[in-house]
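The structure appears below as structure tokens.
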Amino acid sequence: MTRLESALRFYSVLTKGDIIEITYNDLTFEFLIMTTTPEGPGISIIDTDLEVDFETPVGYVEPERKPAAPIPTMADKLKIDLGGTTSASASTSRPSSAASSAPDNGNEVFTGYGHSLSGKRVKGKGLAKAIESVDPSSKINRSE
């Protein structure tokens, strides 16, 4: 049961202009009854479902909200320039990676060992595929 429901248990009738006081955390809140429906001298609230609407408190000023900072994208985090399509804050056109400083091994993609689905050990050197060429207008960057 809410504090408002508890406070309303002390009333059997509400009229326009009544003030209901509720104490919460050593603070006293005063609620002014501004309108009642149906219109009349008062309404009975015994065994009644009440619908309550709150107006803005007297003297309340809405705090000024600052616009939220944009959420950084992965391109921002890696400092990738996407050619002006999303972020203008990126400073380099390619991310730095260990692959660009690795020695050139021809077209070998994988030189370690793995296991096939049958459980046999497979060496990756024979499975290396040539790197596919990329359309020059593509935004995919491949290092040698």
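So, in region 64-101, of the ones that are in contact with a Pro (Cβ under 7 Å, 6 or more places away or on another chain) and open to solvent by less than 90 Å² (accessible area, probe 1.4 Å), which residue ends up modelled with the lowest pLDDT? It comes out as ILE80. Suppose we keep only residues that are over 38 Å from the mean Cα position of the chain (by Cα) and among the aliphatic types (A, V, I, L, M) within region 35-63. Which one would you say is surrounded by the fewest Cβ atoms within 10 Å (Cβ to Cβ)? Among those that are over 38 Å from the mean Cα position of the chain (by Cα) and among the aliphatic types (A, V, I, L, M), it is ILE46. Pairs are defined by a Cβ separation below 6 Å, a sequence spacing of at least 6 or placement on different chains, a first member in region 41-68 that is of a type outside the set (Lys, Arg), and a second member that is surrounded by 10 or more Cβ atoms within 10 Å (Cβ to Cβ); the pairs so defined are GLY42/VAL13; GLY42/THR15; ILE43/LEU14; ILE43/THR36; SER44/VAL13; ILE45/LEU14; ILE46/SER12. Of all residues in region 38-69, those being of a type in the set (S, T, N, Q) and more than 16 Å from LEU8 (Cβ to Cβ) number 1.
The values are calculated or read from the model by the stated rules, or taken from the named source; none is laboratory data. Computed from a prediction, not measured in an experiment: that's the story for all the values here. When we count neighbours, we look across all protein chains shown, and the Cβ atoms used for this are built from the backbone with ideal geometry, even at glycine. Protein only, heavy atoms only, side chains kept; ligands, DNA and RNA dropped before computing areas. Shrake-Rupley method; radii C 1.70, N 1.55, O 1.52, S 1.80 Å.
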